[in-house]
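Q: Take a look at the following structure, please.
The values are calculated or read from the model by the stated rules, or taken from the named source; none is laboratory data. The model shown is predicted, which means the values in this text are computed figures rather than measured ones. Ideal geometry is used to build each Cβ from the backbone, glycine not excepted, and the neighbour counts take in all protein chains shown.
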Amino acid sequence: MHPATLERALHKWPLWWETILKARTELNFKPAVLEAEEQTKSWEKDIGWDKAVEVCLEAMSKMELPWYFGFYWLACFCADYQRRQSPDFSQIKIPPQNAVKAWVQRVTEEFAKDIGCDPEGIRTPDLHRDRVAC
């Protein structure tokens, strides 16, 4: 499937947009927050990207999508994009650096758990194999 086809399909799916709007409300986030450094820092201090990534991954689970769709969801969450006003999706760009850092950290932790270790190097107790080097 061509990426643009997938992108259009996601945006036609009401649940995709509903989860983004719900997350924005829950996290008290508006894309305009990213336009002013002071507002961004305040939001990051009060709520933060770790919480946004957590909500993002919960949305992926709710929609029964693989976790890696979450990065695009996060980009949509951050974008000043209105579902019916941007047919070319040009407003959707890579999320801010701090959002990317939070995403990479969380995905790294989850991947480490999946392969049998945790990010701090402590053996995951429920696996019956030698510790995998992290």
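Q: Hey, does the stretch 66-74 have a residue that's at pLDDT below 95 and either at positive phi or not in a helix (DSSP H, G or I) (or both)?
A: For the stretch 66-74, residues at pLDDT below 95 and either at positive phi or not in a helix (DSSP H, G or I) (or both): present.
Q: Of all residues in the stretch 28-65, count the ones that are in a loop (DSSP other than H, G, I, E, B) and not small (Gly, Ala, Ser).
A: Selection size over the stretch 28-65: 6.
Q: Any residue that is among the β-branched types (Val, Ile, Thr) and under 22 Å from Phe111 (Cα atoms) - is there at least one of those in the stretch 52-71?
A: yes
Q: Which members of the stretch 33-55 meet the condition of being in contact with a Phe, Trp or Tyr (Cβ under 6 Å, 6 or more places away or on another chain) and free of Cβ contacts under 8 Å to residues at least 40 places away in the same chain?
A: Passing the criteria: only Val33.
Q: Only one of these is polar (S, T, N, Q), in a helix (DSSP H, G or I), under 26 Å from Ala4 (Cα atoms) and modelled with pLDDT of 95 or more: Thr19, Thr25. Name it.
A: Thr19
Q: Within the stretch 38-52, identify whether any single residue is among the aliphatic types (A, V, I, L, M), surrounded by fewer than 16 Cβ atoms within 10 Å (Cβ to Cβ) and either modelled with pLDDT of 95 or more or within 18 Å of the chain's Cα centre (by Cα) (or both), and answer yes or no.
A: no
Q: Quick one: which residue in Pro3, Pro14 is loosely packed, with under 13 Cβ neighbours inside 10 Å and over 25 Å from Thr108 (Cα atoms)?
A: It is Pro14.
Q: Next question. Over 20 Å from Phe89 (Cα atoms) and assigned to a helix (DSSP H, G or I): is that true of Thr5 in this structure?
A: No; evaluated as a whole, the condition is false for this residue.
Q: Identify all residues within the stretch 75-97 that are exposed (fewer than 14 other Cβ atoms within 10 Å of the Cβ), modelled with pLDDT under 75, farther than 15 Å from Ala4 by Cβ and not charged (D, E, K, R); write none if there are none.
A: Within the stretch 75-97, Gln82, Gln85 meet the criteria.
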